[in-house]
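Colleague: Before anything else, here's the structure in question.
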Amino acid sequence: MNVKVYKDAQAIGEAAASIFAGQVIAKPDSILGLATGSSPIPTYTRLIELHKQGILDFSQVTTFNLDEYLGLTHDHPQSYYYFMQENLFQGINVPQENIHVPCGTAQDIDNEGKNYDNMIAQAGGIDVQILGIGNNGHIAFNEPCDEFPMGTHKVALTQSTIEANTRFFENSDEVPRYAISMGIGSIMKARQIILVATGAAKAQAVYGMVKGPVTPQCPASVLQLHPNVTVFADEAAASLL
Ligand code: GLP
């Protein structure tokens with residue numbers, strides 16, 4: 001695991017965006033794995049800039065997002081589908097039909113999960129996956145638990161995640177209690193992974209991910225076993241390393 005420390009979120013965004021940019025330039029029909037949360041926003045802002053400057057063309061790119069809240073429709077402002085439209089897709093030229101976000105309103109979530117993993121496999125697998133990290137070490141919505149979950153699946157959010165994500169809703173009662181998330185197995189299949197982390201609140205999770213034992217109690221620690229992971233952190237997030 002390669003850890004790179006930058007001065008602020010903007011510098012991290014530029015560095016992480018350059019990994020995606022290199023990928024898309026080398027392989028215009030790349031399969032990109034995308035994440036929500038505040039951490040990837042500067043990366044997406046930079047990708048939009050590079051597209052507007054005529055440097056990046058996303059017309060052949062396919063995207064797969066990590067996760068979605070259960071029960072929120074695409075037009076709900078806190079759905080991850082909506083977030084992606086607002087923060088990335090409306091600023092670049094990826095065709096709408098190439099965009100995939102797990103469906104949080106599917107009747108049969110188990111089936112939706114299986115189909116989602118099959119779609120990723122049929123597309124050829126993810127070339128580069130960006131991740132954030134939760135304060136408790138979660139990646140996507142894989143919460144601390146006793147066993148690493150493999151495929152895309154339904155998850156119950158922990159109290160810590162509900163509290164952390166309340167800032168996006170009117171109050172904590174509005175935060176969905178369940179989500180659909182790519183599993184640890186789905187994430188580990190990506191050929192390259194970049195993880196972005198900023199702020200002191202992430203320091204413990206970053207320490208567990210990089211230096212702690214590999215354990216589902218800190219889901220991000222599994223990334224120690226992946227051959228091509230780069231962590232982009234600011235000084236506060238990297239302060240315990
Ligand atoms: C949510 C998302 C994660 C994200 C995490 C951290 O729980 N499901 O993918 O990494 O939040 O978000 P932030 O980057 O806003 O701290």
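Here, each number is a calculation from the coordinates, and none is a lab measurement. This is a predicted model, so every value here is computed, not measured. Here the Cβ positions follow ideal geometry from the backbone for every residue, glycine too, while neighbour counts run over all protein chains shown.
Colleague: Can you put His74, His51 in order, fewest other beta carbons within 10 Å first?
Modeller: Ranking His74, His51 by Cβ neighbours within 10 Å, fewest first, gives His74, His51.
Colleague: Quick one: give the max-minus-min coordinate of the C-alpha atoms of the chain along each principal axis, largest first, in Å.
Modeller: 44, 43, 35
Colleague: May I ask you to work out the translational diffusion coefficient for region 111-241 at 25 °C, viscosity 0.890 mPa s, via Stokes-Einstein with Rh from the Kirkwood sum over Cα pairs, reported in whole µm²/s? Present the calculation step by step, with values, prior to reporting the outcome.
Modeller: On the way: Rh = 15.2 Å.
Stokes-Einstein gives a translational diffusion coefficient of 161 µm²/s.
Colleague: Let me ask another. Between region 1-72 and region 187-207, what's the alpha-carbon centroid distance in Å?
Modeller: Each part's Cα centre sits 14 Å from the other's.
Colleague: How long is the gain from Glu49 to Arg177 if the chain were fully straight, where each residue apart is worth 0.36 nm and the alpha carbon distance is subtracted?
Modeller: On the way: separation 128, 0.36 × 128 = 46.08 nm, distance 3.52 nm.
Between Glu49 and Arg177, full extension yields an extra 42.6 nm.
Colleague: If you don't mind, another one. Run the numbers on region 33-129 and let me know its relative contact order in percent, using alpha-carbon pairs under 8 Å that are six or more apart.
Modeller: Working: 108 pairs, mean separation 31.9, N = 97.
Relative contact order comes out at 33 percent.
Colleague: While we're looking at this one, here's another question. Here is the link list: Lys4/Lys52; Lys114/Lys189; Lys7/Lys211; Lys189/Lys211; Lys154/Lys189; Lys154/Lys211. Which ones come out longer than 25 Å on Cα distance?
Modeller: Details: Lys4/Lys52 27 Å; Lys114/Lys189 15 Å; Lys7/Lys211 21 Å; Lys189/Lys211 22 Å; Lys154/Lys189 19 Å; Lys154/Lys211 29 Å.
Exceeds cut-off: Lys4/Lys52; Lys154/Lys211.
Colleague: Now for a different question. Would you please give the residues with an amide H less than 5 Å from that of Gln129, counting only those at least 5 places away or on a separate chain, with H modeled from the backbone geometry?
Modeller: Excluding prolines and chain starts, which carry no amide H, the hits are Gly33, Gln192, Ile193, Ile194.
Colleague: For Ala140, which sequence-distant residues (separation of 5 or more, or a different chain) have an amide H within less than 5 Å of its own amide H, given hydrogens modelled in the peptide plane?
Modeller: Answer set, sorted by chain and number: Gly132.
Colleague: Compute the FRET efficiency between Asp29 and Thr73 as 1/(1 + (r/R0)^6), taking r as their Cβ-Cβ distance and R0 = 25 Å, and round to the nearest 0.05. Each step should come with its number before you reach the end.
Modeller: Values: r = 30 Å, r/R0 = 1.19.
After rounding, the FRET efficiency stands at 0.25.
Colleague: Pairs of alpha-carbon atoms within less than 8 angstrom and 6+ residues apart define the contacts here; what relative contact order does the chain have, in percent?
Modeller: Values: 520 pairs, mean separation 60.3, N = 241.
Contact order relative to length: 25 percent.
Colleague: Amide H to amide H under 5 Å from Tyr178: which residues, 5+ apart in sequence or cross-chain, H placed 1.01 Å off N in plane?
Modeller: Sorted by chain and number, the residues that satisfy this are Leu70, Leu157.
Colleague: Hey, with R₀ at 22 Å, roughly what FRET efficiency would Asp57 and Thr105 work out to, going by the Cβ-Cβ distance, to 0.05?
Modeller: Working: r = 32 Å, r/R0 = 1.46.
My answer for the efficiency is 0.10.
Colleague: Using a ≥ b ≥ c from the Cα gyration tensor of region 97-142 (square roots of the eigenvalues), is it rounded, prolate or oblate, where a/c under 1.5 gives rounded and otherwise the larger of a/b and b/c decides, a/b for prolate? If you can, show how the numbers build up before the last one.
Modeller: Numbers: a/c = 2.19, a/b = 1.25, b/c = 1.75.
Here region 97-142 falls in the oblate category.
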